């Protein structure tokens, strides 16, 4: 299993009237984690796009565990989960570095859509199969 980590300073604009991170921003934190993962492991969104695909999220899950407040620092741990089919699976852990508590855990699933036809790709794209082999996460 390969992972990536990113630190984020919680901004005022990410909180609600109580100064707590608004629940919808956790999906943005997951996105930040995926972007960091892509940069670290050579699977950036532009790489996917340049190979002829979009990868929309078709499923997401979040379990909120403890609050994060304005001014605190979080760490997003992103774990790649290998799948045999043509999809990207990630698990996330959002850790409040200020308190040491786990703030949220979650998962996302993305599929490959052909950029030209906007149709679902049922067979693993060659570039993605090569990436998986290079990173030792599947055939």
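Before moving on, here are some points about what is shown:
- Selection status of residue 135, within 16 Å of residue 44 (Cα to Cα), touching a helix residue (DSSP H, G or I) at 6+ places or on another chain (Cβ under 8 Å) and either exposed (fewer than 15 other Cβ atoms within 10 Å of the Cβ) or free of Cβ contacts under 8 Å to residues at least 60 places away in the same chain (or both): yes
- Those residues of the stretch 120-139 which are out of contact with any strand residue (DSSP E or B) (no Cβ under 9 Å at 6 or more places or on another chain) and not in a loop (DSSP other than H, G, I, E, B), in sequence order: 126, 129, 130, 131, 132, 133, 134
- Matching residues, the stretch 23-34, being under 20 Å from residue 4 (Cβ atoms) and touching a residue at least 24 places away in the same chain (Cβ under 8 Å): 26, 27, 29, 30, 32, 33, 34
- In the set 61, 91, only one residue is surrounded by 16 or more Cβ atoms within 10 Å (Cβ to Cβ) and either within 24 Å of residue 27 (Cβ to Cβ) or without any contact (Cβ under 8 Å) to a residue 12 or more places away in the chain (or both); that residue is 91.
- Matching residues, the stretch 1-26, being part of a helix (DSSP H, G or I) and surrounded by 15 or more Cβ atoms within 10 Å (Cβ to Cβ): 14, 25, 26
- Of all residues in the stretch 101-119, those that are within 20 Å of the chain's Cα centre (by Cα) and outside any loop (DSSP other than H, G, I, E, B) total 11.
- Among the residues of the stretch 76-88, those identified as touching a strand residue (DSSP E or B) at 6+ places or on another chain (Cβ under 8 Å) and surrounded by fewer than 16 Cβ atoms within 10 Å (Cβ to Cβ) are 81, 82, 83.
- When each of 42, 52 is tested for being surrounded by fewer than 14 Cβ atoms within 10 Å (Cβ to Cβ), within 30 Å of residue 117 (Cβ to Cβ) and touching a residue at least 40 places away in the same chain (Cβ under 8 Å), the lone residue that passes is 42.
Each reported figure results from applying straightforward, stated rules to the coordinates on display, with no laboratory input. This is a predicted model, so every value here is computed, not measured. With ideal geometry, Cβ positions are generated from the backbone for all residues, glycine too; neighbour counts draw on all protein chains shown.
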